[in-house]
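These notes are about the structure you will find just below.
The values are calculated or read from the model by the stated rules, or taken from the named source; none is laboratory data. Everything numeric here is computed off the predicted structure, so don't read it as measured data. Reconstructed Cβ throughout: ideal geometry from the backbone, glycine too, with neighbour counts over all protein chains shown.
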Amino acid sequence: MWKLVLACAVLAIASPAWAHAFLDHSNPAVGATVAAPKEISIWFTEEVEPAFSRIEVTDSAGNRVDQGGTRIDAANHELLHVAVKPLPAGTYKVTWHVVSVDTHHTQGDFTFTVAP
């Protein structure tokens with residue numbers, strides 16, 4: 001029994017060190033076809049450090065269409081936003097780079113399509 005208690009204690013102490021901020025969901029959703037959004041919002045699985053986290057949005061030619069200035073949501077530090085320029089119909093790539101509050105770096109990307 002004491003071995004089980006000890007194993008649980010070790011896992012409880014060690015588990016925060018394994019944590020990373022991964023994409024939980026986004027608006028527009030991954031792979032979605034939508035009307036042109038005015039901003040991209042991404043929810044992560046844990047809080048992120050705004051000074052070291054960013055979202056970039058590019059069109060199919062690789063041109064940036066975000067307006068820069070990725071910002072953290074004031075009420076939810078697991079949520080980042082970035083405004084985008086007016087988007088014509090087409091496919092767009094969202095690339096994100098974040099550092100979680102426990103200092104782990106993660107990154108990823110996804111696409112969405114703006115319907116004509």
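Annotations for the structure displayed:
- Condition check for Asp66: within 17 Å of Val34 (Cα to Cα), more than 11 Å from the chain's Cα centre (by Cα) and among the acidic types (Asp, Glu): yes
- Qualifying position, being small (Gly, Ala, Ser) and modelled with pLDDT of 95 or more, among Ala89, Ala7: Ala89
- Single residue of the stretch 42-59 satisfying the filter (over 13 Å from Thr111 (Cα atoms) and not hydrophobic (A, V, I, L, M, F, W, C)) that is surrounded by the most Cβ atoms within 10 Å (Cβ to Cβ): Ser53
- Hits in the stretch 60-76 - residues which are touching a helix residue (DSSP H, G or I) at 6+ places or on another chain (Cβ under 8 Å) and part of a loop (DSSP other than H, G, I, E, B): Thr70
Conditions tested, residue by residue: (1) surrounded by 15 or more Cβ atoms within 10 Å (Cβ to Cβ); (2) basic (Lys, Arg); (3) under 18 Å from Thr103 (Cβ atoms); (4) touching a residue at least 60 places away in the same chain (Cβ under 8 Å).
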| site | (1), (2), (3), (4) |
| --- | --- |
| Ala21 | yes, no, yes, yes |
| Ala61 | no, no, no, no |
| Gln67 | no, no, no, no |
| Glu78 | yes, no, yes, no |
| Lys85 | no, yes, no, no |
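- Selection over the stretch 19-31 of residues that are farther than 15 Å from Val57 by Cα and of a type in the set (Gly, Ala, Ser) gives a count of 2.
- Selection count, the stretch 87-98, where residues are in a strand (DSSP E or B) and free of Cβ contacts under 8 Å to residues at least 60 places away in the same chain: 6
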